[in-house]
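Each remark here refers to the structure printed beneath this line.
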Amino acid sequence: MLSRWMSGSSRNLDREYNCTVRLLDDSEYTCTIQRDAKGQYLFDLLCHHLNLLEKDYFGIRFVDPDKQRHWLEFTKSVVKQMRAQPPFTMCFRVKFYPTDPAALKEEITRYLVFLQIKRDLYHGRLLCKTSDAALLAAYILQAEIGDYDPGKHPEGYSSKFQFFPKHSEKLERKIAEIHKSELSGQTPATSELNFLRKAQTLETYGVDPHPCKDVSGNAAFLAFTPFGFVVLQGNKRVHFIKWNEVTKMKFEGKTFYLYEKKIVLTYFAPTPEACKHLWKCGIENQAFYKLEKSSQVRTVSSSNLFFKGSRFRYSGRVAKEVMESSAKIKREPPEIHRAGLVPSRSCPSITHGPRLSSVPRTRRRAVHISIMEGLESLRDSAHSTPVRSASHGDAFVAPGRSGRVESSERVAVIADENYSPADSVLPTPVAEHSLELMLLSRQANGAPCSIEEEKESEAGTPAAAEAEEAGGELRALCPGAGSLAQAEQVNKFVLSVLRLLLVTVGLLFVLLLLLIVLTESDLDTAFFRDIRQTPEFEQFHYQYFCPLRRWFACKVRAVVNLLIDT
């Protein structure tokens, strides 16, 4: 029996699992791993395939069956982390954005970061003003199709490529004008470098947004950047706290707390799993950007009580160590295989979707009405029910990245439109959804689709009026949100008290068992001698302890004999 069990375990360990990892250029890397393979093994395979040495900035992301995103932990088994059935599908992405991407040592690293930021721009995570958007798109054009050539690039050529969730003709003309007149002669590497330098100056650089709600029930996006913790609402950055000012982060259920020297920020995630993911991302980012050495990393608990909450420890190197290691790289620059831009009509890929203006307005409205219910469910899953409580205080926000500003300028405007990244509303980071669905989901969440300054004209359309009316009906149907929030708080308190009682009873039981064992032992001290001489102990010893000891010894001998016989 023992040999059969061991052979079965050996077969399970030898079983191989197929993994597909989607890379930043939309290609796929497929491999097989064994059951006990750690995340570090899979990550090293990817980096070897990409010929990447500055790999600490990157990570592997996956989505569980509940549509919750996770970063693969390198110290744990891949199979145990994946709750889905094989074959496994994951994504290779930038996890820690470089503080200065232009200072990266190797061109291959800069190219991969360039691809990531280009994705951020397309999905609405990197939001910016119209003038900055035109320049960034022109850099992409120059890097991927080269200098303007009248023979190859007819009038309106920039309209065939998709850089943002939506283009306007005015923005397309501006992109083409910059590409023609200002960027001629730049090599792909130079254009990518200039793109990175410009993107690094934007307020939403490095933002991987987590949808939440504040204590007043207002939708917000929380993010961790190379410079600190950020909260985005509407088209403004309402909070910015530097990493050295963040003293603590914790979560309880769906509630996330961030402690600064003078204030405590409280936000509510859609689910407990989303809140835990938010907390782990914050712990990792703070350790990576703030600490001087990886030896300073400590295990962090989500609660002050040892019997409650999650424990997590960042396992990689910190930013300073990564930069020191990069400075020591001495090799011939690896060859880079760049994928040029393909017109959107022939390749509807993640970076080149159809223009919204090419879809008739009547058809767009019909599609909007037909999938409205699905978008409502997506919105509900991305933003939890508002929890009413006291305000957590005034917002302190810094202009740029330099700390707090005066009370008259507490918010920093980051773009011409509301911040509503489609990849954070929709359930998967792979972004295989069509552009129409992605844009309509942005409308359903109350965000305009245009990146240019046309908000006033779009606000008066019938679709916008219908969306506003639907939002008013939803608000009217939820008058009891405050009472539900209070009931939830009471339930949390009751659960905490029950946990405390359970742990107290458990500790008392353990102490009682320890006392019995020590009393029955040969330990000769005055305290135990006095206990042994009492009538109560003698009765317990002869009536309960001795029969129980004989029964237990008999069972142990039976099990040993069975193992010997087999």
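The values are calculated or read from the model by the stated rules, or taken from the named source; none is laboratory data. Not measured: the values here are computed from a predicted model. Note that we place each Cβ from the backbone using ideal geometry, even for glycine, and neighbour counts take in every protein chain shown. What goes into the accessible areas is simple: the full protein's heavy atoms, side chains included, and nothing from ligands, DNA or RNA. Shrake-Rupley method; radii C 1.70, N 1.55, O 1.52, S 1.80 Å.
Of the listed residues Ser131, Ser496, the order by accessible area with a 1.4 Å probe, largest first, is Ser131, Ser496. Of the solvent-accessible surface of the stretch 101-210, computed with a 1.4 Å probe over protein heavy atoms with every protein chain present, carbon and sulfur atoms account for 48 percent. Comparing Cα centroids, the stretch 490-565 and the stretch 164-223 end up 66 angstrom apart. Within the assembled protein chains, the solvent-accessible surface assigned to Trp71 is about 30 Å², based on a 1.4 Å probe.
Assign one of three labels to the stretch 87-245, namely rounded, prolate or oblate, based on the Cα gyration tensor with a ≥ b ≥ c the square roots of its eigenvalues; rounded applies when a/c is under 1.5, prolate when it is not and a/b is larger than b/c, and oblate otherwise. Here the stretch 87-245 falls in the prolate category.
Other residues whose C-beta falls under 11 angstrom from the C-beta of Tyr148 contribute a net charge of -2, scoring Lys and Arg +1 and Asp and Glu -1. Straight-line cross-link reach from Lys330 at under 16 Å between alpha-carbon atoms covers these lysines, not counting any fewer than eight positions away in the same chain: Lys55, Lys105. Taking 7 Å steps out from each Cα toward its Cβ at Thr247 and Cys31 produces label points 4.4 nm apart. With the Cα gyration tensor of the stretch 139-199 giving a ≥ b ≥ c as the square roots of its eigenvalues, does the rule (a/c under 1.5 for rounded; else a/b larger than b/c for prolate; else oblate) give rounded, prolate or oblate? In terms of gyration-tensor shape, oblate. Applying 1/(1 + (r/R0)^6) with R0 = 41 Å to the Cβ-Cβ distance of Lys320 and Val559 gives a FRET efficiency near 0.15.
Across the stretch 29-131, how large is the tail of the calculated P(r) beyond 19 Å, expressed as a percent of all Cα pairs? Considering the stretch 29-131, 49 percent of its Cα-Cα pairs are separated by more than 19 Å.
In terms of packing, defined here as the mean over residues of other Cβ atoms within 10 angstrom, the peptides 530-540, 281-291 line up highest first as 281-291, 530-540. Partner lysines whose Cα lies under 20 Å from the Cα of Lys160, excluding those fewer than 8 positions away in the same chain, are identified as Lys118, Lys152, Lys170, Lys174, Lys180. Of the cross-linked pairs Lys198/Lys262; Lys250/Lys290; Lys254/Lys320, those separated by over 26 Å at the C-alpha level are Lys198/Lys262; Lys254/Lys320. Summing charges over neighbours of Ser326, with a neighbour being any other residue whose Cβ is under 14 Å away from its Cβ, gives +1 when K and R count +1 and D and E count -1. Extending 7 Å from Cα along the Cβ direction at Ser301 and again at Gln85 yields two label points whose distance is 4.0 nm.
Rolling a 1.4 angstrom probe over the protein heavy atoms with all chains in place gives the stretch 128-229 an accessible area of 36 Å² per residue.
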